[in-house]
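Peer 1: Following this message is one structure expressed as structure tokens.
The values are calculated or read from the model by the stated rules, or taken from the named source; none is laboratory data. Because the structure is a prediction, the values reported are computed rather than measured. Cβ: placed from backbone, ideal geometry, glycine included. Neighbour counts: every protein chain shown. Remember, those area values only see protein heavy atoms, side chains included, never the ligands or the DNA or RNA. Shrake-Rupley method; radii C 1.70, N 1.55, O 1.52, S 1.80 Å.
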Amino acid sequence: LPISVGSVSYVVIGSKTQPGKSILMVSYDCKMNGGAWITASNFICVEYTGYARAQAEEWFSRRQATAPRSAEEAQTRCWGLPTPREITLKKNGRYWNVLKEHF
């Protein structure tokens, strides 16, 4: 079931697997049906290649935007982009994975 998104934040973090590269971490603060608040994160790897870069391009495309080449530029661009009003999540261990965004 989709969950309401309260707020979204964008933080640039260093890559743990590819030294010298950065990632845009998108965090969604959501209110669960029982009233509890949780945070689910998406990692947008605009500085990567291959599948990770394709995923980043798709994330930006859903917002009618083109993915930049740096995480810092991605962070700057995000403030003007549409944010989902709801997201569908799946529990993965102690973390929540974002399966779908609803605009």
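Peer 1: Once fully extended, how much extra length lies between E58 and K91, figured as 0.36 nm per residue of separation less the alpha-carbon to alpha-carbon distance? Don't skip to the end; give the middle numbers.
Peer 2: Values: separation 33, 0.36 × 33 = 11.88 nm, distance 2.23 nm.
Fully extending the segment from E58 to K91 adds 9.6 nm.
Peer 1: Sticking with this structure for a sec: Lys and Arg at +1, Asp and Glu at -1: add these up for the other residues within a Cβ distance under 11 Å of S70 and post the number. Before the final figure, lay out each step's value.
Peer 2: Values: positive: K21, R69, R77; negative: E47, E72, E73.
Charge balance near S70 sits at 0.
Peer 1: Tell me whether the range 1-62 comes out rounded, prolate or oblate; compute the Cα gyration tensor, take square roots of the eigenvalues as a ≥ b ≥ c, and use a/c under 1.5 as the rounded threshold. Don't skip to the end; give the middle numbers.
Peer 2: Numbers: a/c = 3.09, a/b = 1.96, b/c = 1.58.
Prolate is the answer for the range 1-62, as a/c is 1.5 or above and a/b outweighs b/c.
Peer 1: Another one. With a sphere of radius 14 Å drawn around the Cβ of G50, what net charge do the other residues whose Cβ falls strictly inside it have (Lys, Arg +1; Asp, Glu -1)? Walk me through the intermediate numbers first.
Peer 2: On the way: positive: K21, R53; negative: E47, E57, E58.
Every neighbour counted, the sum reads -1.
Peer 1: Suppose the chain between D29 and Y51 were pulled fully straight at 0.36 nm per residue; how much longer would it get relative to their current alpha carbon spacing? Could you put the intermediate results ahead of the total?
Peer 2: On the way: separation 22, 0.36 × 22 = 7.92 nm, distance 2.65 nm.
Using 0.36 nm per residue and subtracting the Cα-Cα distance, I get 5.3 nm.
Peer 1: Within the chain, how many Lys pairs sit with Cα atoms under 21 Å apart, leaving out pairs fewer than 8 places apart on the same chain?
Peer 2: Details: K31/K90; K31/K91; K31/K100; K90/K100; K91/K100.
Qualifying lysine pairs in the chain: 5.
Peer 1: Taking K and R as +1 and D and E as -1, what net charge do the other residues with C-beta under 14 Å from the C-beta of K90 add up to?
Peer 2: Details: positive: K91, R94, K100; negative: E101.
Net charge in that neighbourhood comes out at +2.
Peer 1: At 0.36 nm per residue, minus the direct Cα-Cα distance, what do H102 and A65 gain on full extension? Give it in nm, one decimal, please.
Peer 2: Working: separation 37, 0.36 × 37 = 13.32 nm, distance 1.65 nm.
Stretched fully, the H102-A65 segment lengthens by 11.7 nm.
Peer 1: How large a share of the accessible area of the chain, in percent, is made up of carbon and sulfur atoms when the probe is 1.4 Å and the other protein chains stay in place?
Peer 2: Values: 3220 of 6180 Å².
Using a 1.4 Å probe with all protein chains present, the chain comes out at 52 percent carbon and sulfur.
Peer 1: So, one more: Using a probe radius of 1.4 Å on heavy atoms only, what accessible surface per residue do you get for the range 3-103? Whole Å² is fine. The partial results should precede the final answer.
Peer 2: On the way: 5970 Å² over 101 residues.
Accessible area per residue, the range 3-103: 59 Å².
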